[in-house]
Every structure is written in C-alpha cells, then in structure tokens.
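The values are calculated or read from the model by the stated rules, or taken from the named source; none is laboratory data. What you see is a predicted model; the values in this text were computed from it and never measured. Heads up, the Cβs are rebuilt from the backbone with ideal geometry, glycines too, and the neighbour counts pull from every protein chain shown.
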Amino acid sequence: MTNKVGKILSVDEELALRKPIDDYVGNIQKEVDALRADGTLKVVELSETIDNVKRDKIYTKKEKEERLKELETALKKAKEVEAKNKEAVSKHIADAEKYLKEHFAKDYYNAVCESATLANAEAKKHYDAKLAELAKEHQATLANTKDAQEVKEEKYIYKNRQFDAKMEYQKNIQDIKDRKHVAFEHKYHLLDLLRMGNFTFAEKMDRKRENYIYTFNTREFLLRNGLYIAIIVIFIVLCIITPILKNGLQLLTVNNVLNILQQASPRMFLALGVAALILLAGTDLSVGRMVGMGMTAATIVMHNGVNTGSVFGHIFDFTGLPVIVRVVLALVVCIVLCAFFTTIAGFFTAKFKMHPFISTMANTLVIFGLVTYSTKGVSFGAIDQTIPGMIIPKIAGFPTIVLWALAAIIVVWFIWNKTKFGKNLYAVGGNPEAASVSGISVFKVTVGAFIMAGILYGFGSWLECIRMVGSGSAAYGQGWEMDAIAACVVGGVSFTGGIGKISGVVVGVFIFTALTYSLTILGIDTNLQFIFSGIIILVAVTLDCLKYVRKK
C-alpha cells in the first residue's frame, strides 16, 4: 500500500492504512491461539489452579491430594501439546514479526508521523491566525470605546478569548500527539498478543523512550529537575574558575572525588535518618547536637589513653579494654544516647500532636546544655590511632567508609520499600487520618521513625568520630542539621509528607557535599557558604510547594 505523502490523515484514513496489517497479523494470531488452546493457555490455567488448590483450606488432605493428582495429569498432557505445537507457534510468530518489520512503519506508522507533523503545523497556523483575528477585533473595539469601564471589560474579554484559543490549540496538539502514540503502541499491542507479553531489551527501551517523549512536560521537568540542573551548572562553573583563581588547581580530580565520598558517608546516615521524619511532614533540628554528643561519647570511649577531660567531674578510663571492644562499646553508646533523645522527641510528637519543630528544638537545647555542662565544653582529643585502620581502612586509595554508607542506603531502602513499617510510613506521611482509619497506628509509626533516625544518627556520629580520629566536643556538628535537611529537600523528599525516595536523598547528600567541598577549595568563607545553603533550601522547598499546588 502506498503512503499518502503530504496529506493530513483522518482517523478513518489511518485505520484504513492499518487494516491490511491487522488482517494479516490477526489471521496469524487466530492460528496461534488455536495451537495454544490445549497447550500453552491450558498450562497457564492449570498452573494457576494448582497454586490455588495448594493454598486453599476447604479441602481435606486426601481431597487435596486427589485434586492435585488430577490437575498434574492434565498439566502433563497440556505440556505435551505445548511442546508438540511449539515449533509451529514459533514459525507463525516469526512470520508475523517479519511482516510487521517490513510493513508496519512503511505502510502505516511513517504516514501517521508525517500526518502528525503536518497537522501540528496546520494547528499552529490556525492558532496564529486566530490570535491575529482576535487582536484585530480587540483594537477595533477599543477604537470605538471611550468609557473607561467598557475598556476594562473589553480587555478582560480579550484575555479570555486568547486563553480559549490557547486551550483549543493545546487540545488539538494533544489529540495529534495521542493519535501518533496510539499508532506507535499498536505494533507492541500486536506483538504482546503474539508473544504473550515477552519483549526484547531493545523493544522495552524503545517503548520506554517513546513513553517518556509522550508524557514529557517542560514545566513538570523543570519543577523536578530545575534545581539539579542549576547546581550542576554552578559546579561546572566552579570547575572552570577554580584553576584560574587557584593557580591551576583542578577541582575535578580523583583525590577530590574520594574526599567528597569520605565526607558524604557519615552525613548519609544523618540525611537518611531525618528523611523519614520529613516523610512524616516533620523535621529534626537536633541532628547537629546529636553528632556533637555522639562524637564526644565515642571519643571518650575510644580515647588514646586515659581521658584528660571529665564528665560531671569523673574521668573515664577504658584503656583496660581491648581496642575492638572499645570500638563496639562506642558504637552502642552512640546509638543508645541518640535513640534515647529521638524517642523522647518522637513520643511528644506522636502523643501530644506536638510539631517536630518544637520537640526537636527542645532536644537541641537539652543535649547541647547537658553535654557542654557535663564536659565543661572541652575537646577530648584523639582516639586510638589504630582504630581508623581497623574500621574504615583505605584499600588501594579507596576509602572503605563509603561501604558503611552503602550498607546504610541498602538497609533503609529495604525498610522503606519492602517492609510493612515502610508502607505505613508513607501512608502516615501522606494522610495520617486516613492511615489511622485503615488500622495503622500513627503513634507507633511516628515513634518508630524517630527511633530509626536516632540509630542512624548514632552510627553517623560514630563514623565521623573515627574519620576525624576523635576530637569530640559539644560544639562539633553545629549546622549539620541544615545540611541533612537540605540534602533531603534537594533530593525530592517533600515537606508535604508521604513523598520521597532513598535515591533522591543519596543524590542530595552528594550534591550538597560536593558543592560545599568545592566552595571550600575555592576559598569561600564558611559563613558565606551558609548563604548558598539557605538559598538552595529556599529554592528546593519553593519548587516542592509549586509541585504540591499543581497537584491540588
């Protein structure tokens, strides 16, 4: 059949082009279905029935055995028929696939695509002509109107007419787009019936690409990725100007990338912890102080020799314990302390409907005051020098601390996506009232999220202590809560609750750490870096709010 080149096709004309293809492949499909009736289709049906019987509890043991034996016999016969007809079925499918390859695009799809291109141009031409006509009418009306109120009304009417014309144009464009997409999908519909849902990797990628183009929306794309694009552009600019301002010093080097990974690893634990609270439409302002408390506790336990500083006037001495015992004890102490305080915040948040902003702010003040008062604000020096080599050694220059972060990512991803608690977390974050009505304990989920956050904070502070070889003090970690929160919002965890992915948190942590590291190398003052962080948080939350308003 010859394509109608240079012509906008009607729906009926498109169907007429497709009819020979549908007829040819349809006839083959009938033959394939007939061959499968007592073979493949019967195998699928009987396999499902056997699974149902095995799960069914209405049968006695003897009845179930007899029924299964009967079904197994039938299944065996169906498989024999399937094997017998397999070659014939494959031959028919190959014939249909060959026909589709030779005729689908040439006789049908290419003509639809060309028609869509022409129709788009025609729709644009009609839209422009309509706007010009409306503008001409508007100017003529204004020329004959002297009353100010009438002029105002005419301008209002004109804007409405412009809007209606735009809506009509967009509707026409969408209809053209829909028809083209339906034409593309029709080939895969035919293949789906022939192959019973089996597609090659290339075909899956082809469909994925087409669906992405079909559903692509510029506004939505910018709302989702605009901040990422802006940060990447900033990072590229920093990579360009750093050698100029720093006498040839390169920013994007292997050593710098590894340093960024090292710095990001402990912060990953903190971001993963606070992400769950943001998922519940909350936050945690005590993250930085948790780090300071954990660092101090870990340094005291793993200190290199007898502690020179005291806690409430008592000097601790853990030198009598084996190093590995001190390392494990430090981790346990960090987790217990952090989980204790997050549990308190979680209890008040869940029990008294207190906003996490208040409960965690109270934690911030209590922790900082308690640690500062008990230690007199002093730093406890370095930990045993052998510990970093035991826990986070560098292997061929690669920092294994990254593996700790990777393990945390995998565990938290599993909890969020594969456990009942994770599903409940999303449910409570999205709509706590509806979750409660459906039988989910909002109290348990909220407290559980805070406890999980505390465990992650404990791990993060312990790792940071080992990375920095100690030097724990109450002041350490100041401002880290902002970095953790910023990483989450940049990664797409929504403050509206119930929206967010672990992958987004991971990307957010690396982006923020890389940006901070780059600004530090460039020599930007730390205080000015807070300005960058604040702007990024503001933009990220603004984009998130725009997405939320759009959905509403």
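Worth pointing out:
- Condition broken by residue 309, with the remaining ones in (1) part of a helix (DSSP H, G or I); (2) among the small types (Gly, Ala, Ser); (3) surrounded by 15 or more Cβ atoms within 10 Å (Cβ to Cβ) satisfied: (1)
- Cβ separations smaller than 6 Å between residues 6+ apart or across chains give the following pairs from region 523-552 residues that are among the aromatic types (Phe, Trp, Tyr) to residues that are modelled with pLDDT of 75 or more: 548/496.
- If you go through region 240-253 and keep only what is without any contact (Cβ under 8 Å) to a residue 60 or more places away in the chain and either assigned to a helix (DSSP H, G or I) or at positive phi (or both), you end up with 240, 243, 244, 247, 248.
- Yes/no for residue 478 being closer than 24 Å to residue 291 by Cα and modelled with pLDDT under 85: no
- Qualifying residue in region 342-353 (condition: out of contact with any Asp or Glu (no Cβ under 7 Å at 6 or more places or on another chain), over 17 Å from residue 283 (Cα atoms), at pLDDT 95 or above and surrounded by 18 or more Cβ atoms within 10 Å (Cβ to Cβ)): no
- Failed condition for residue 205, given (1) surrounded by 11 or more Cβ atoms within 10 Å (Cβ to Cβ); (2) under 29 Å from residue 488 (Cα atoms); (3) free of Cβ contacts under 8 Å to residues at least 40 places away in the same chain; (4) aliphatic (A, V, I, L, M): (2)
- Condition check for residue 381: without any contact (Cβ under 8 Å) to a residue 24 or more places away in the chain and either over 20 Å from residue 255 (Cβ atoms) or of a type in the set (Ser, Thr, Tyr) (or both): no
Rundown of residues vs (1) of a type in the set (Asp, Glu); (2) buried (at least 16 other Cβ atoms within 10 Å of the Cβ); (3) outside any helix (DSSP H, G or I); (4) assigned by TED's automatic domain parsing to the domain that holds residue 185, yes/no style:
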residue	(1), (2), (3), (4)
20	no, no, no, yes
26	no, no, no, yes
30	no, no, no, yes
33	yes, no, no, yes
42	no, yes, no, yes
46	no, yes, no, yes
58	no, no, yes, yes
65	yes, no, no, yes
69	no, no, no, yes
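- Test result for residue 316, over 19 Å from residue 299 (Cβ atoms) and among the aromatic types (Phe, Trp, Tyr): no
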